[in-house]
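The values are calculated or read from the model by the stated rules, or taken from the named source; none is laboratory data. Remember, predicted model here, so these are calculated numbers, not experimental data. For neighbour counting, all protein chains shown are included, and Cβ atoms are generated from backbone atoms with ideal geometry for every residue, glycine included.
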Amino acid sequence: MSADFIGAELQELKRQGLYRRLRRVEGEQGPTLNLDGQEVLNFSSNNYLGLANHPALRAAAKEAIERYGCGSGASRLISGNMTLHEELEAKIAALKGTEAALVFNSGYQANIGVLSALAGEGDVILSDALNHASIVDGCRLSRATVVVYPHCDLGVLEDGLKNAPARIRKLIVTETLFSMDGDEAPLAEIVNLAERYGAVVMVDEAHATGVFGPNGAGVVAKLGLGNRVPVQMGTLGKALGAFGAYVAGSRELRELLINRSRSFIFTTSLPPAVMAMAIAAIDLVYKEPQRRLALWHNCRALRDGLKKLGFSLGESQSQIQPLVIGDAQKCMDFSERLLQKGVFAQGIRPPTVPPGTSRLRITLMATHTHENLHRALKAFEEVQAGFGG
Ligand SMILES: Cc1ncc(COP(=O)(O)O)c(C=O)c1O
């Protein structure tokens with residue numbers, strides 16, 4: 001069979017304005033970056049607290065390598081379950097106020113592994129329309145019937161719950177802080193509905209972990225819903241500056257996932273240095289609440305500044321500020337012109353976001369300086385003027 005289709009598909013992506021390429025970062029991840037050889041202000045990272053290059057994480061990783069070596073050598077169920085995995089899990093459970101936690105190799109793997117372990121053929125998963133691709137893929141992999149409800153639409157969610165037969169297993173899955181819109185799910189209402197109709201709630205706190213709630217424990221903790229949300233997933237590679245993911249919940253949930261979750265079972269476990277970094281990051285989040293305060297201060301400053309320039313920003317009050325442009329090509333042009341002025345705010349297109357909602361996804365960091373924000377706002381103003389206001 002000829003492989004000509006590969007080139008043809010690439011041409012088609014280019015024609016649709018959906019072609020992507022990798023950009024290369026030289027050096028460290030910080031509020032400024034060397035991107036493809038250019039020094040830029042970084043407004044495109046999930047390293048919200050600036051921990052990815054923190055001295056405490058570096059030191060923890062080095063020490064773990066000295067003590068435990070580099071690779072873990074096997075999956076957790078064979079010989080790859082090391083003391084640091086369990087130490088990190090105990091720390092996460094304490095942070096989340098749950099009985100137990102289980103570490104996964106990434107958020108993607110956690111979501112596909114948990115959803116396919118907890119739901120199967122004949123069950124129903126109710127999933128928010130803006131949930132992350134890893135949740136979408138987990139739903140597909142589970143082979144359950146999937147009811148996608150419009151973003152945060154409690155009426156349609158309730159209809160879906162009502163229409164599902166009482167006896168079957170029902171799972172509601174939602175992000176707590178949405179990755180592309182930066183808005184919060186109406187979690188208290190979702191939990192009420194789940195309890196009324198006998199459904200289980202699973203949340204994805206990828207973007208809330210380390211940032212929201214007491215000690216950065218997330219939105220569930222902020223709302224005091226801990227014991228009403230049985231499955232709480234989050235990631236370690238965003239605000240926590242390390243890598244990997246967790247699922248927090250009951251001891252039984254942990255046991256079931258160890259036995260059923262294929263993306264947990266059939267993969268080499270994370271290396272000790274990564275565990276050590278995540279442990280150090282959680283300690284820092286407890287010790288340095290001022291990082292979260294600095295992040296909120298920066299969010300407000302950028303938001304106020306963009307509004308003053310006449311940009312319409314939507315509802316997000318969080319560290320994720322979407323600036324919706326609409327058309328994919330126009331969005332990428334805007335992003336490119338900002339980059340020429342030394343500001344990296346990634347354009348996000350379908351399939352990551354729905355067609356017609358291409359946007360700049362502007363993300364703030366605790367470590368952006370006043371000067372950084374001032375320069376960024378000036379660039380936005382100049383690019384906007386070039387686009388005819
Ligand atoms: C909401 C959400 N869930 C899960 C993931 C996947 O996490 P990871 O990058 O650790 O695979 C991401 C982002 O990558 C995300 O934004």
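Among the listed residues 119, 93, 64, 144, identify the single one that is modelled with pLDDT of 95 or more, small (Gly, Ala, Ser) and within 20 Å of the chain's Cα centre (by Cα).
Residue meeting the stated conditions: 93.
Taking residue 44 as the residue in question, decide whether it is within 29 Å of residue 219 (Cβ to Cβ) and part of a loop (DSSP other than H, G, I, E, B).
Spelling it out, residue 44 is indeed within 29 Å of residue 219 (Cβ to Cβ) and part of a loop (DSSP other than H, G, I, E, B).
For a quick check of your reading: which strands (runs of 3 or more DSSP E) sit entirely within the range 136-225 and have at least 2 residues that are of a type outside the set (A, V, I, L, M)?
Where strands (runs of 3 or more DSSP E) fall fully within the range 136-225 and carry at least 2 residues being of a type outside the set (A, V, I, L, M), they are 145-149, 170-175.
Can you give me the number of residues within the range 12-64 that are closer than 17 Å to residue 348 by Cβ and of a type in the set (A, V, I, L, M, F, W, C)?
5
Only one of 282, 325 is touching a helix residue (DSSP H, G or I) at 6+ places or on another chain (Cβ under 9 Å), of a type in the set (A, V, I, L, M, F, W, C) and not in a helix (DSSP H, G or I); which?
325
Six or more apart or on different chains, Cβ under 6 Å: which pairs go from a residue in the range 80-94 that's free of Cβ contacts under 8 Å to residues at least 24 places away in the same chain to one that's part of a helix (DSSP H, G or I)? Could you list them?
Sorted first by the residue in the range 80-94, then by its partner, the list stays empty.
Of all the residues that make up the range 92-102, how many are buried (at least 19 other Cβ atoms within 10 Å of the Cβ) and either within 11 Å of the ligand (Cβ to nearest atom) or of a type outside the set (Val, Ile, Thr) (or both)?
6
For residues in the range 103-135 being in a helix (DSSP H, G or I) and touching an Asp or Glu at 6+ places or on another chain (Cβ under 7 Å), which is farthest from the ligand (Cβ to nearest atom)?
Across the range 103-135, the extreme among qualifying residues is 112.
Please count how many residues of the range 226-261 are of a type outside the set (Gly, Ala, Ser), surrounded by 23 or more Cβ atoms within 10 Å (Cβ to Cβ), within 10 Å of the ligand (Cβ to nearest atom) and in a loop (DSSP other than H, G, I, E, B).
2
Tell me, yes or no, whether the range 334-356 has at least one residue that is within 25 Å of residue 184 (Cα to Cα), at pLDDT below 95 and outside any loop (DSSP other than H, G, I, E, B).
Within the range 334-356 (the criterion being within 25 Å of residue 184 (Cα to Cα), at pLDDT below 95 and outside any loop (DSSP other than H, G, I, E, B)), the answer is yes, since at least one residue qualifies.
Quick one: how many residues across the range 262-276 are closer than 16 Å to residue 82 by Cα and not in a helix (DSSP H, G or I)?
Of the residues in that region, 5 qualify.
Kindly indicate whether residue 264 is more than 13 Å from the ligand (Cβ to nearest atom), farther than 21 Å from residue 138 by Cα and surrounded by 19 or more Cβ atoms within 10 Å (Cβ to Cβ).
no
Starting from the range 190-204, keep only residues that are free of Cβ contacts under 8 Å to residues at least 40 places away in the same chain, then list their pairs with residues that are β-branched (Val, Ile, Thr) and more than 16 Å from the ligand (Cβ to nearest atom) whose Cβ atoms are within a distance under 6 Å, requiring at least 6 positions of separation or different chains.
Partner pairs satisfying both residue conditions: 201/191.
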